[in-house]
1. Kindly indicate which of Asp83, Asp133, Asp29 is at pLDDT 75 or above, exposed (fewer than 15 other Cβ atoms within 10 Å of the Cβ) and under 16 Å from the mean Cα position of the chain (by Cα).
2. Please work out which one of (1) in contact with a strand residue (DSSP E or B) (Cβ under 7 Å, 6 or more places away or on another chain); (2) crowded, with 20+ Cβ neighbours inside 10 Å is the condition Val61 fails and give its number.
3. Residues to consider are Thr40, Thr53, Thr71; find the one that is hydroxyl-bearing (Ser, Thr, Tyr) and more than 29 Å from Gln24 (Cα to Cα).
4. Of the residues that sit in region 124-157 and are without any contact (Cβ under 8 Å) to a residue 40 or more places away in the chain and assigned to a loop (DSSP other than H, G, I, E, B), which one is nearest to Pro43 (Cα to Cα)?
5. Of all the residues that make up region 64-123, how many are out of contact with any Pro (no Cβ under 8 Å at 6 or more places or on another chain) and not in a helix (DSSP H, G or I)?
Amino acid sequence: MKILKKLLVVFAIIIVVAQFFGPQRNEADMLSFEPFFKDTNPPEDVVYLLKETCFDCHSNVTRYPWYAKITPVNYWMASHVADGKKEFNISAWNGYSIKKKDKKFKELIEMVEKKEMPLKSYTFAHSEAKLSDAQIAAVVDWGKKVRLKYSLAPKPE
C-alpha cells in the first residue's frame with residue numbers, strides 16, 4: 001500500500017509540474033485569411049461557417065478554450081491542429097498551386113458532404129460547429145463554384 005501511495009504522490013507531482021510547460025500555441029495574424037477569401041470569394045454565411053468550424057484546425061489562428069491550458073489536453077490539441085494544418089492550411093493558401101487548391105476543395109466537398117468534417121471530437125466541445133443540412137449545402141455549392149474557377153484557370157506550362 002505504501003508503494004501505491006508513493007506512486008500516486010509522484011504522479012501528482014508530475015502532473016502539477018507539467019502544467020508549467022506546454023506546446024507552442026497556434027496564434028498568428030488573422031490577415032493570413034485574406035488571400036484565401038480573395039481567391040475563393042465565399043458568401044458571408046460561408047465565411048461565418050469557416051470561422052466557426054474550420055479555422056481553429058486549418059489555419060495559423062486557433063481560438064483556445066479555457067481547458068486548452070491543461071496538460072495533457074494542450075498537447076492533444078496541438079497535435080490535432082498540426083494534423084489539420086498539414087492536410088489543409090488556409091493561412092498558407094498563396095503557397096498552393098492551382099492543382100493543389102482544386103484538390104483541397106475536392107476533398108473539402110467530399111468530407112463535408114459525408115459529414116466527416118468538422119470532426120466529431122471538435123463538435124463535441126464546439127456544438128456551434130455542427131453543420132445543418134442547409135449549411136452543408138451552402139459550403140458544397142461554394143466549393144463547387146471555386147473548383148469550377150480552378151478548372152477554367154490557365155495551367156502553367
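The values are calculated or read from the model by the stated rules, or taken from the named source; none is laboratory data. In this text, all values refer to a predicted model and were calculated from it rather than measured experimentally. We place every Cβ from the backbone using ideal geometry, glycine too, and count neighbours over all the protein chains shown.
1. Unique residue meeting the criteria: Asp83.
2. Answer for Val61: the failing condition is (2).
3. Of Thr40, Thr53, Thr71, the one residue that is hydroxyl-bearing (Ser, Thr, Tyr) and more than 29 Å from Gln24 (Cα to Cα) is Thr40.
4. Ser132
5. 14
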